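The values are calculated or read from the model by the stated rules, or taken from the named source; none is laboratory data. Only a predicted model underlies this, so the values are computations on that prediction, with no experimental measurement involved. Note that we place each Cβ from the backbone using ideal geometry, even for glycine, and neighbour counts take in every protein chain shown. These area figures cover heavy atoms from the full protein model, side chains too; ligands, DNA and RNA do not enter into them. Shrake-Rupley method; radii C 1.70, N 1.55, O 1.52, S 1.80 Å.
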Amino acid sequence: MDSVQHVREVVVTSKLTFREVIPSQKLSGQQLERLSTQSVADALRYFSGVQLKDYGGVGGVKTVDVRSMGTNHLAVSYDGITLGNAQNGQIDLGQFSLDNIDELSLYNGQKSAIFQAASDFASASAVYIRTRRPRFAEGRRQNWKAKVKYGGSDLLRLSALYERQLADSLALSLNAEVLTASGKYHFRYRRRNLDGTTAWDTTAVRQNGDIHAERLEANLHGIIAQGTWQLKGYAYNSARGIPGAIVNNVWSRGERQQDLNTFVQGQWQRTVGNVFSTRWLAKYAFYRTHYANRDTTRLPVDNLYRQQEVYVSTANVVELLPNWSASLSYDLRWNTLWADTYHFAHPRRLTHALAAATAVDYRRLKAQASLVGTMVNDRQHHSPSKIQPSTLNAQNSKFTRLTPALFVSVYPLRQARWLSLRAFAKQSFRMPTFNDLYYTEIGNARLRPERATQYDLGLVLNRHLQGRRISHVDLQADIYYNKVRDKIIAYPKGQQFRWTMLNLGEVDIHGLDVVASATGTVCRNVNATLRAQYTYQRSIDVTDARKPYYRHQIPYIPRHSGSLIVELDWRDVTLNYSFLYTGERWNEQENTAYNHVQPWYTSDLSASWRCKAFGGELRLTAELNNVLNQQYDVITNYPMPGRNAAISVEARI
């Protein structure tokens with residue numbers, strides 16, 4: 001009897017358009033479906049070197065820090081174009097659902113392929129979010145997917161995806177989602193005195209963490225002769241409470257925030273004669289934030305902020321020789337921020353970035369070098385009135401910087417490509433945000449840009465094993481050293497929307513990242529995948545030997561952290577276990593007993609069952625998160641949910 005075997009999708013790309021030197025960490029769409037995660041931010045926790053700042057609950061702000069460099073050094077790319085937030089530089093990754101994501105990738109240093117935008121060369125690390133591209137079975141011209149999920153904190157998530165083949169070279173996809181949750185969950189809160197005695201120990205319900213959000217995304221995918229194009233429209237609208245920190249016996253806050261994030265972006269790419277390729281990107285974004293604080297213990301606040309961004313980019317690569325290519329990229333980005341606060345600066349920023357790069361792929365050597373020139377021009381228009389901005393008192397400031405990078409990968413074994421050694425050295429910087437510079441209450445116009453130097457040395461072992469129980473093994477290990485000068489630290493204090501600024505001067509970061517995975521067969525019809533990662537980071541302040549926190553670990557960076565994922569497949573049933581661990585940290589600059597934050601760990605379980613129904617496929621999933629009911633804070637005084645469960649139903653036609 002004939003057997004049916006599944007062949008994985010193969011993506012063919014020319015070496016002209018994609019010559020990657022250093023591989024990334026990746027999670028595919030199928031792997032993301034298995035994890036007990038709500039958003040992109042939750043999934044990124046399973047990458048090595050990543051620390052998630054989570055302020056609690058479904059609607060809490062979630063940002064990512066890679067290798068202690070700070071959130072603002074991380075570039076987040078959504079379908080090839082970097083997401084921007086000139087106001088505070090931090091992308092809330094909690095707003096991006098996983099329902100329409102095909103792949104998440106994390107690159108340290110930068111994406112080591114020379115055919116990319118100039119801003120991609122400039123980042124210290126980058127996360128690439130690639131959404132689903134429509135795929136149709138033979139004889140079909142449309143796909144439907146709908147999903148309903150209900151869980152703890154009264155979470156209800158409804159999502160739908162529609163894909164349509166409009167023509168042989170044109171496809172449409174529409175994705176919509178609605179999320180609502182009360183944000184309430186029980187937690188146990190304990191604080192100890194310096195002598196180790198208990199200051200208080202109580203159980204309470206988290207308040208003011210509710211959220212209602214809608215997301216709508218539309219895409220057009222087109223194919224042209226030797227090229228492709230894509231047009232995307234995105235809108236995210238949310239109204240949420242900000243639960244705030246539990247301090248001074250205050251258990252509920254009056255902070256509310258409404259966000260409307262919208263953008264339209266497009267890209268066009270074409271190859272000419274397999275020698276030259278060009279890519280053009282364009283984007284317009286509008287962000288509206290309404291923040292109100294009606295705490296009776298504080299002065300009332302009711303502020304409106306509006307951001308605009310215009311972005312244009314071109315990248316061009318040419319094959320000089322069969323194993324040698326070069327590229328030239330240029331980016332233009334314009335940002336502006338308006339607020340109705342008294343004497344607001346109303347800043348405008350114009351950023352030019354020009355990148356030149358070259359790549360060599362010769363026998364057992366791959367190398368890439370790049371040089372990025374960046375010029376930033378800031379202009380302020382101070383407003384003496386709360387309502388009407390003024391063009392008086394205009395001020396200008398300019399900043400120019402050149403940042404080089406070198407990436408090398410070597411295959412030491414003559415006849416084998418399953419083992420490679422890699423290294424890179426890179427300089428980068430990040431400009432202070434509009435928040436850092438111009439906010440009336442906390443801005444510091446004298447802040448200097450952070451400067452970072454990165455060094456990395458690692459190895460990659462990636463091998464397929466024929467005829468064995470373990471069919472594939474992958475190992476990545478890196479040691480690294482980062483030096484950050486004029487480092488700016490921002491964290492919420494009291495009011496989460498307003499940030500306290502710290503300039504630590506110089507930070508030394510020594511680290512080790514290890515990622516290992518294996519795929520194989522446990523027994524007949526049972527396949528298993530194991531993925532584990534470990535991170536060691538020694539990130540210390542070396543600014544001033546006279547300070548009491550000299551050579552102390554910087555706030556919220558653990559020395560040790562890691563994760564484990566175990567996946568089992570048996571016919572139409574899948575089981576998943578995931579474990580997260582974060583070691584001890586300190587919530588202030590001084591590493592004292594009072595500022596010590598306990599380690600925490602969580603275990604999550606999920607099970608799925610697929611079946612054929614109604615001419616399509618039905619999938620039922622049950623989740624049990626934080627199985628051991630661990631009581632913990634990612635950020636001090638922001639307690640996280642304990643044990644909670646969720647169930648979801650997904651239909652595909």
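Table for the structure above
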| read-out | value |
| --- | --- |
| Some residue of region 243-262 being within 25 Å of Glu163 (Cα to Cα) and either surrounded by 18 or more Cβ atoms within 10 Å (Cβ to Cβ) or among the basic types (Lys, Arg) (or both) | yes |
| Check on Ser119, open to solvent by 20 Å² or more (accessible area, probe 1.4 Å) and among the hydroxyl-bearing types (Ser, Thr, Tyr) | yes |
| Output for region 578-597, where each listed residue is open to solvent by 40 Å² or more (accessible area, probe 1.4 Å), within 24 Å of Leu628 (Cα to Cα) and not in a strand (DSSP E or B) | Glu584 |
| Flag for Thr602 being open to solvent by less than 30 Å² (accessible area, probe 1.4 Å), out of contact with any His (no Cβ under 8 Å at 6 or more places or on another chain) and within 20 Å of Asn527 (Cβ to Cβ) | no |
| Flag if Lys26 is more than 30 Å from Tyr362 (Cβ to Cβ) and modelled with pLDDT of 75 or more | no |
| Every residue from region 605-617 that is within 13 Å of Glu650 (Cα to Cα) and either open to solvent by 40 Å² or more (accessible area, probe 1.4 Å) or under 27 Å from the mean Cα position of the chain (by Cα) (or both) | Ser608, Trp609, Arg610, Lys612, Phe614, Glu617 |
| Single residue of Thr289, Thr278, Thr314, Thr271 found to be in contact with a strand residue (DSSP E or B) (Cβ under 9 Å, 6 or more places away or on another chain), open to solvent by 10 Å² or more (accessible area, probe 1.4 Å), over 30 Å from Gly60 (Cβ atoms) and at pLDDT below 95 | Thr271 |
| Cross-chain or 6+ apart pairs with Cβ under 7 Å, region 518-532 first and within 14 Å of Trp570 (Cα to Cα), then basic (Lys, Arg) and part of a loop (DSSP other than H, G, I, E, B) | Gly520/Arg469; Thr521/Arg469; Asn525/Arg571 |
| Test: residue in region 90-97 that is in contact (Cβ under 8 Å) with a residue 12 or more places away in the chain, open to solvent by 10 Å² or more (accessible area, probe 1.4 Å), farther than 26 Å from Ile211 by Cα and in contact with a helix residue (DSSP H, G or I) (Cβ under 7 Å, 6 or more places away or on another chain) | no |
| Residue under evaluation Leu502, criteria (1) closer than 27 Å to Phe47 by Cβ; (2) part of a strand (DSSP E or B); (3) open to solvent by 30 Å² or more (accessible area, probe 1.4 Å); (4) at pLDDT 80 or above, criterion not met | (4) |
| Residues of region 563-577 that turn out to be surrounded by fewer than 15 Cβ atoms within 10 Å (Cβ to Cβ), among the charged types (D, E, K, R) and either within 29 Å of Thr197 (Cα to Cα) or touching a strand residue (DSSP E or B) at 6+ places or on another chain (Cβ under 8 Å) (or both), as a count | 1 |
| Selected residue (criterion: modelled with the highest pLDDT) from residues of region 103-152 that are among the hydroxyl-bearing types (Ser, Thr, Tyr) and in a strand (DSSP E or B) | Tyr150 |
| Qualifying residue in region 431-445 (condition: at pLDDT 80 or above and open to solvent by 20 Å² or more (accessible area, probe 1.4 Å)) | yes |
| Selection count where residues are without any contact (Cβ under 8 Å) to a residue 60 or more places away in the chain and farther than 18 Å from Ala160 by Cα, scope region 213-242 | 10 |
| Residue ID - surrounded by the fewest Cβ atoms within 10 Å (Cβ to Cβ), chosen from residues in region 374-428 that are charged (D, E, K, R) and modelled with pLDDT of 80 or more | Arg414 |
| Where Asn525 falls short, out of the listed (1) open to solvent by 70 Å² or more (accessible area, probe 1.4 Å); (2) among the polar types (S, T, N, Q); (3) under 29 Å from Leu44 (Cα atoms) | (3) |
| Hey, Gly227 surrounded by fewer than 16 Cβ atoms within 10 Å (Cβ to Cβ), at pLDDT 90 or above, more than 23 Å from Asn637 (Cβ to Cβ) and touching a Lys or Arg at 6+ places or on another chain (Cβ under 9 Å) or not | yes |
| Pairs with Cβ under 7 Å, 6+ apart, first in region 606-630 and more than 22 Å from Leu155 (Cα to Cα) and free of Cβ contacts under 8 Å to residues at least 60 places away in the same chain, second open to solvent by less than 30 Å² (accessible area, probe 1.4 Å) and of a type in the set (Val, Ile, Thr) | none |
| 2 or more residues small (Gly, Ala, Ser) and under 30 Å from Tyr362 (Cβ atoms): qualifying strands (runs of 3 or more DSSP E) within region 269-345 | 301-321, 324-339 |
| When residues of region 144-178 are limited to those that are open to solvent by 60 Å² or more (accessible area, probe 1.4 Å), touching a residue at least 40 places away in the same chain (Cβ under 8 Å) and among the aliphatic types (A, V, I, L, M), the one farthest from Glu217 (Cα to Cα) | Val148 |
| Yes/no for Asn208 being of a type outside the set (Asp, Glu), without any contact (Cβ under 8 Å) to a residue 24 or more places away in the chain and in a loop (DSSP other than H, G, I, E, B) | no |
| Restricting region 59-102 to residues that are part of a loop (DSSP other than H, G, I, E, B) and acidic (Asp, Glu), the residue that is farthest from Pro347 (Cα to Cα) | Asp99 |
| Identity of the residue in region 513-522, within 16 Å of Arg45 (Cα to Cα) and among the aliphatic types (A, V, I, L, M), that ends up surrounded by the most Cβ atoms within 10 Å (Cβ to Cβ) | Val515 |
